[in-house]
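Notes for the one structure printed next.
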Amino acid sequence: MFCAQDLQILTQGKEIVQINHSYTRHRGTVRGLHYQYAPFLEAKFVSCIYGEVYDIAVDVRADSPTFLQWHAERLSSDNHRTFFIPEGCAHGFQTLTGDCQLIYMHTAYYSPDFEGGLHPQDPVLAIPWPLPLTDISVRDASHPFIEDGFKGL
């Protein structure tokens, strides 16, 4: 289930320093899209231990050939997948069932002073959320839309 050597290949030698659990009650809820600035850039592993989510990573690395492109995976307690999200990517998800629980393993500590976010309904990203958005936090709804001047990380 766990091999530090295997994980460090993906995390470029960084260790897992924090593990978080989240619970989302309502189907259709969107959380994110969150990222952290240097010096708290983080890679993370995300698993859904109850329910099912549509999980998204958006590349916000300014020098990346995939800058502002996104990738999605369905994570569920049935498929047992874990989604690796590299440093410099924003993360978010939509619950496809109610009562979803996720586990996150992070390579950096959460630092609210170094947190950023993208609006999950940003037309530049054009993420096709599978369900109508039924709930989004005030915090996540207040994330800015991408403008021409967005430089990324």
Can you give the net charge of the other residues whose Cβ lies under 15 Å from the Cβ of CYS100, counting K and R as +1 and D and E as -1?
-> -1
Roughly how big is segment 14-141's charge dipole about its Cα centre, with Cβ charges of +1 (Lys, Arg) and -1 (Asp, Glu), in debye to the nearest 20?
-> 200
Spacing of the two label points (7 Å from each Cα toward its C-beta) at ASP63 and SER77, in nm = 4.3
Cα-projected label distance for SER142 with GLN12, points at 7 Å along beta-carbon direction, nm | 3.2
Roughly what % of DSSP beta bridges within the chain run antiparallel, to the nearest 5?
-> 95
Average Cα contact separation per residue, segment 1-112, under 8 Å, 6 or more apart, as relative contact order % | 43
Along the principal axes of its C-alpha atoms, what lengths does segment 72-145 span, in descending order and rounded to whole Å?
-> 34, 32, 22
Name the long-range amide H neighbours of CYS89: under 5 Å, sequence gap of 5 or more, or other chain; modelled H, no Pro or chain starts.
-> VAL60
What is the Å³ per residue value for the convex hull set by the Cα atoms of segment 14-141?
-> 103
Any residue on another chain or 5+ positions along whose placed amide H is under 5 Å from the amide H of ILE146 is listed here as HIS119, VAL124
Around LEU75 (Cβ within 12 Å, Cβ-to-Cβ, excluding LEU75; K/R +1, D/E -1) the net charge comes to -2
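Read the figures in this text as sums done on the coordinates, not as results from a lab. Since the model is a prediction, treat every value here as computed from it, not as a measurement. Using ideal geometry, Cβ is built from the backbone for each residue, glycine included, and neighbour counts are taken over all protein chains shown.
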